[in-house]
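Worksheet: one structure, shown below.
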Amino acid sequence: MSISLEKEDQNDSPPPRFSYAYLITAICFSIQALGVGIYISFGVFFNPLMEEFGWSRAAIAGVASTAFFSMGIFGVIIGRLNDVFGPRLLMSAAALLLGLGCVLMGRLTTLWELYLYFGIIFGMGFSAIDVIALTTIARWFSHRRGFMTGIVKVGTGAGQFAMPLAASGLILLYGWRSTIAIIGSVVAVILLLMAQLLHRDPSALGLSNLPETGKSNLPLPATAPSLPLPRVFRTVQFWTICLLNLFLVFCLMVIMLHIVPHVRDSGVPPIQAAGVLSTIGAVSMLGRFVSGLVIDKRGSKTVMKVCFLLLLGDLVWLQLADRLWMLYLFGVVYGLAHGGFFTAISPLVAEWFGIHSHGTLIGIVLFFGTAGGAAGPLLAGHLFDLSGSYRSTFLILTAFALVAWGLLLSLRPAKSR
């Protein structure tokens, strides 16, 4: 049987279907680990930047917020381009931007340069990390989409665990400037090489779609019939998911960017404070793996319900935690919830709206999340500068988590017409 290949793949010899699908999974795992790992490690640079330049916590938090918001804006564009052209060229460009932003950050002297280098240039490269990895997995796997998404999102946890510790150690040896330049350069080279092995879906290699095996217990099919974009945009469900992600990521990114400064405010040494962040990353790997298994059996909404219960209880605990072991326990529980949330969002979109325009739809959903994720750390930094405490911030997080939980509970399947 004659199979038409994409032009960029004409000289490729198609490998066995399943072996290449798992190679795609390994690549997407690594993309998540490296890209998200660098971004999360920005929290380790808070104190060195404050000590050298005397900038306020809100000003530095605004840089992380700018990078996150840039990711959202350009993520919508990346999602649409990925649907049309595939991931190889886009991931290559993203790798170069990530590395360039980090290298330039190591040479900065003013605050506006930090916003440009990390907030804009790095943020543009960062925009491809979630969209390309999650959409590629959604296209390569159908029946086992939740499980394979969970495996890929374990990469995020691995990056969150390893990168802050590595950055802290390198800062002690070489200083923060050399550290960010080294990390950025190494990550850029690795991502650039891996990008050359990416393919949008099995048909890009002349392979048929992976078959469904077995039956699903989901209230919706594992892959809903793909809806035209104009029809998706008219559904209440799509905008509910967008708003849910906005409030949710607002809460999650405040924790990820401010937990190290919060722990250090308690008198904890830098390495132990970074260890709380690494604990979140390590435990989130378990949360991502388990949630991926549960998604295939019970659906993404069920996973998110459980994660909200964990998050709400943990936010209350955080307001009482005043010892190191209590903070580490917070990190354990939060890691489980954090991993589940970020694993469930992509399959949730596929369950409701199909995968034909998954890149575009997940790009928009992630944009709402990045809008919340950008506002959250900035507001938290501002409130701390005003009050000298994160108490009011933690109360706001609890309220927003309740709002997001209510939106999830209101989510119902769209009626067929």
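Taking the stated definitions as given, is residue 314 more than 17 Å from residue 408 (Cα to Cα), modelled with pLDDT of 90 or more and either among the charged types (D, E, K, R) or in contact with a helix residue (DSSP H, G or I) (Cβ under 9 Å, 6 or more places away or on another chain) (or both)? Spell out the reasoning first.
Values: more than 17 Å from residue 408 (Cα to Cα): yes; modelled with pLDDT of 90 or more: yes; either among the charged types (D, E, K, R) or in contact with a helix residue (DSSP H, G or I) (Cβ under 9 Å, 6 or more places away or on another chain) (or both): yes.
Spelling it out, residue 314 is indeed more than 17 Å from residue 408 (Cα to Cα), modelled with pLDDT of 90 or more and either among the charged types (D, E, K, R) or in contact with a helix residue (DSSP H, G or I) (Cβ under 9 Å, 6 or more places away or on another chain) (or both).
Within the range 97-113, track down each residue that is part of a helix (DSSP H, G or I) and more than 19 Å from the chain's Cα centre (by Cα). Walk me through how you get there before you give the answer.
Step one: of the range 97-113, the residues part of a helix (DSSP H, G or I) are 97-105, 111-113.
Across the range 97-113, the qualifying residues are 100, 103, 104, 105, 111, 112, 113.
Return yes or no: is residue 328 farther than 18 Å from residue 404 by Cα, at pLDDT 90 or above and not in a loop (DSSP other than H, G, I, E, B)? Break it down into steps so the answer makes sense when it comes.
Working: farther than 18 Å from residue 404 by Cα: yes; at pLDDT 90 or above: yes; not in a loop (DSSP other than H, G, I, E, B): yes.
Spelling it out, residue 328 is indeed farther than 18 Å from residue 404 by Cα, at pLDDT 90 or above and not in a loop (DSSP other than H, G, I, E, B).
When you check residue 317 against the structure, is it in contact with a Pro (Cβ under 8 Å, 6 or more places away or on another chain) and not small (Gly, Ala, Ser), yes or no? It would help to see each step written out before you state the result.
Details: in contact with a Pro (Cβ under 8 Å, 6 or more places away or on another chain): no; not small (Gly, Ala, Ser): yes.
It is false that residue 317 is in contact with a Pro (Cβ under 8 Å, 6 or more places away or on another chain) and not small (Gly, Ala, Ser).
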Notebook entry, point to check: Among 293, 277, which is surrounded by fewer than 23 Cβ atoms within 10 Å (Cβ to Cβ) and either at pLDDT below 85 or not aliphatic (A, V, I, L, M) (or both)?
Noted result: 293
Next item on the list: Test residue 162 against the criterion of being small (Gly, Ala, Ser), within 15 Å of the chain's Cα centre (by Cα), surrounded by fewer than 24 Cβ atoms within 10 Å (Cβ to Cβ) and part of a helix (DSSP H, G or I), and give yes or no.
Entry: no
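State yes or no: is residue 385 touching a residue at least 40 places away in the same chain (Cβ under 8 Å), within 27 Å of residue 269 (Cβ to Cβ), of a type in the set (Asp, Glu) and not in a helix (DSSP H, G or I)? Don't jump to the end; show me each part of the working.
Working: touching a residue at least 40 places away in the same chain (Cβ under 8 Å): yes; within 27 Å of residue 269 (Cβ to Cβ): yes; of a type in the set (Asp, Glu): yes; not in a helix (DSSP H, G or I): no.
Here the answer is no, as residue 385 does not meet what is asked.
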Item checked: Among (1) modelled with pLDDT under 90; (2) farther than 27 Å from residue 387 by Cβ; (3) β-branched (Val, Ile, Thr), the one test that residue 268 misses -> (2)
Next item on the list: Output the residues belonging to the range 289-323 that are assigned to a helix (DSSP H, G or I), more than 29 Å from residue 238 (Cβ to Cβ) and touching a Ser or Thr at 6+ places or on another chain (Cβ under 8 Å).
Entry: 316
Item checked: Residue satisfying condition, being charged (D, E, K, R) and more than 27 Å from residue 392 (Cβ to Cβ), within set 296, 322, 314, 265 -> 296
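Take the range 42-67 and flag every residue that is part of a helix (DSSP H, G or I), among the polar types (S, T, N, Q) and modelled with pLDDT under 85. Step through it out loud before you land on a result.
Start the filter on the range 42-67 by keeping residues that are part of a helix (DSSP H, G or I), which leaves 42-53, 57-67.
Filter once more, keeping what is among the polar types (S, T, N, Q): 47, 65-66.
Across the range 42-67, the qualifying residues are 47, 65.
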Notebook entry, point to check: Inside the range 344-360, can you point out the residues that are within 14 Å of residue 249 (Cβ to Cβ) and of a type outside the set (A, V, I, L, M, F, W, C)?
Noted result: 346
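Considering each of 248, 320, 286, 310 in turn, give the residue that is of a type outside the set (Val, Ile, Thr) and within 25 Å of residue 67 (Cβ to Cβ). Please lay out each step first, then the result.
On the way: 320 fails: within 25 Å of residue 67 (Cβ to Cβ); 286 fails: within 25 Å of residue 67 (Cβ to Cβ); 310 fails: within 25 Å of residue 67 (Cβ to Cβ).
One residue alone meets the criteria, 248.
Condition check: surrounded by fewer than 21 Cβ atoms within 10 Å (Cβ to Cβ) and either farther than 13 Å from residue 251 by Cβ or at pLDDT below 90 (or both). Does residue 409 satisfy that?
Details: surrounded by fewer than 21 Cβ atoms within 10 Å (Cβ to Cβ): yes; either farther than 13 Å from residue 251 by Cβ or at pLDDT below 90 (or both): yes.
For residue 409, the condition - surrounded by fewer than 21 Cβ atoms within 10 Å (Cβ to Cβ) and either farther than 13 Å from residue 251 by Cβ or at pLDDT below 90 (or both) - is met.
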Check: Limited to the range 280-327, what total is found for residues that are among the charged types (D, E, K, R) and either in contact with a Phe, Trp or Tyr (Cβ under 9 Å, 6 or more places away or on another chain) or free of Cβ contacts under 8 Å to residues at least 60 places away in the same chain (or both)?
Finding: 6
Check: Is at least one residue of the range 76-94 crowded, with 19+ Cβ neighbours inside 10 Å and not in a helix (DSSP H, G or I)?
Finding: yes
Next item on the list: Give the range 354-382 a look and list any residue that's more than 22 Å from residue 131 (Cα to Cα) and either hydrophobic (A, V, I, L, M, F, W, C) or assigned to a loop (DSSP other than H, G, I, E, B) (or both), or say none.
Entry: 378, 379, 380
Next item on the list: Tell me which residues, restricted to the range 29-58, are among the hydrophobic types (A, V, I, L, M, F, W, C) and either surrounded by 19 or more Cβ atoms within 10 Å (Cβ to Cβ) or at positive phi (or both).
Entry: 29, 31, 33, 34, 36, 38, 40, 42, 44, 45, 46, 49
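The values are calculated or read from the model by the stated rules, or taken from the named source; none is laboratory data. In this text, all values refer to a predicted model and were calculated from it rather than measured experimentally. Note: ideal-geometry Cβ built from the backbone for every residue, glycine included; neighbour counts use all protein chains shown.
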